[in-house]
Amino acid sequence: MNLLLPFAEHGESDGAFHAPGIEEFLGLPALFFEGTPFEINRIILVRLFAVAVMIVLFYIALRKAKRVPGRGQGVAEMALDFVKVQIVDQVLGEKLGRKYLPLLASIFFAVIAMNITGIIPGLNMAGTATIAMPLVLGLVAYVTFIYAGFKEVGPGKFFKNALLPSGVPIPVYLILTPVEFINIFIVRPISLALRLLLNMMVGHLLLVLCFSATHFFFFTADGWFSLFGVGTLLGGFVFTLVELAVAVLQAYIFTLLTSVYIQQSAAEEH
């Protein structure tokens, strides 16, 4: 049952069980370079590890690309093709999608890599389970859709399409324009970040709850109560599978919404 220990800690003096909770997401102690702008704590290490592994995997798979792909190259190409065909081309079309595919594919795989660390033993925390990384990704999406509007239709038409949609009576613009401004330029990036953050944070806490309860029932509870640990252990494994699905789904949704925002900003008219 040592696999449970990453989710739980023992009191040194009394053997009591203490379950980690929301404090894991706040005030993590520095591990390296404390007190400097380059301070690194546990979650930053998790993020660096996730991104490094993803880069290495793609490098190994594609460094000697062949016309007839091997197993590794085939898997990498299938993954990239999924992003291209099922997300980018579906929303942006082939011509516009070709311009933004590298960025959107990078977002997709970065989010997957950092989400999946939440279920890897020894890491046990998603790199997107604190607000900083979702905000950075939301900012990237925000800058990209504004850049796409400026680049594809020009600043004037971009702001006109965003704030003054056609077919609306002029007096209605007094209400509609401020609402659209708040929705597009303030709520949009924040909602992207919060959707990703809350899904991964809730998943982490559910795993903590299940495995902490399992540890309690197996090692602390007496008599028949220890049998409840079987149920909580099974629940932990089920939630682990759910968390894996959520990790992929959230990467898909984040990339899809970013593509939709790019398409809207690059459209000639709404």
Practice task
Of the listed values [x] 0.96; [y] 1.07; [z] 1.01, grab the one calculated as Rg/Rh (Cα atoms, Kirkwood Rh) from the structure here.
Solution key: [y]
Problem - region 51-123 - percent relative contact order, Cα under 8 Å, separation 6 or more - result: 32
Completion exercise
A 1.4 Å probe over the protein heavy atoms gives the chain a carbon and sulfur accessible-area percentage of 71
Fill in the blank from the handout: Dividing the mean separation of Cα pairs under 8 Å (6+ apart) by the residue count of region 111-170 yields a relative contact order in percent of 16
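Looking at region 27-136, which trypsin sites (Lys or Arg not before Pro) are in a loop (DSSP not H, G, I, E or B) and have at most 16 other Cβ atoms within 10 Å?
ARG63, LYS64, LYS66, ARG67
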Handout entry: Backbone N within region 136-151 under 19 Å of label point (7 Å from PHE185 Cα along the Cβ vector)
Key = 138-151
Fill in the blank from the handout: Taking r as the C-beta separation of SER106 and GLU34 and R0 as 25 Å, the FRET efficiency to the nearest 0.05 is 0.25
Handout entry: Long-range HN-HN contacts of ASN41 with modeled amide H, under 5 Å
Key = LEU31
Fill in the blank from the handout: Per DSSP loop assignment and a cutoff of at most 15 other beta carbons within 10 Å, the chain keeps its longest run without exposed chymotrypsin sites (Phe, Trp or Tyr not before Pro) at 39-270
Handout entry: Karplus 3J(HN,Hα) series, Hz, for region 99-105 with 6.51 cos²θ - 1.76 cosθ + 1.60 (x for Gly, Pro)
Key = 5, 10, 4, x, 5, 5, 5
Problem - Relative contact order of the chain, defined on C-alpha pairs under 8 angstrom at six or more residues apart (%) - result: 26
Exercise for the section: Convert each backbone phi in region 49-57 into a coupling constant with the Karplus relation 6.51 cos²θ - 1.76 cosθ + 1.60 (shift: θ = phi - 60°), then list the ³J(HN,Hα) values in order as whole Hz, x for Gly and Pro. Expected result: 4, 4, 5, 4, 5, 4, 5, 4, 4
Problem - Average accessible surface area per residue within region 184-235, 1.4 Å rolling probe, Å² - result: 51
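Which value at 222 nm does the chain reach when only helices count, each DSSP H run of 4 or more adding -39,500 (n - 2.57), with the total divided by all residues and rounded to the nearest 500 deg cm²/dmol?
Values: 8 runs with 172 residues, N = 270.
Taken over the chain, the calculation gives -22000 deg cm²/dmol.
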Practice task
Provide the per-residue ³J(HN,Hα) series for region 136-147, in order, calculated from phi with Karplus coefficients 6.51, -1.76, 1.60 and θ = phi - 60°, each as a whole number of Hz, with x at glycine and proline positions.
Solution key: 4, 5, x, 5, 4, 4, 4, 5, 5, 6, 5, 4
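Order GLU94, GLU77, most accessible first, counting only protein heavy atoms with a 1.4 angstrom probe.
Working: GLU94 115, GLU77 80 Å².
Largest accessible area first, the list is GLU94, GLU77.
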Exercise for the section: Sort MET133, MET78 from largest to smallest accessible area, using a 1.4 Å probe on the heavy atoms of the protein chains. Expected result: MET78, MET133
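Please list LEU104, LEU174 in order of solvent-accessible area, largest first, computed with a 1.4 Å probe with all protein chains present. The partial results should precede the final answer.
Numbers: LEU104 0, LEU174 140 Å².
Order by accessible area, largest first: LEU174, LEU104.
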Handout entry: Cα convex hull volume per residue for region 96-237 (Å³)
Key = 156
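The values are calculated or read from the model by the stated rules, or taken from the named source; none is laboratory data. Just so you know, these numbers come straight off a predicted model, no measurement behind them. Positions of Cβ are generated from backbone atoms using ideal geometry, with glycine treated the same way; all protein chains shown enter the neighbour counts. Heads up: the accessible areas ignore ligands, DNA and RNA and are worked out on the full protein's heavy atoms, side chains in. Shrake-Rupley method; radii C 1.70, N 1.55, O 1.52, S 1.80 Å.
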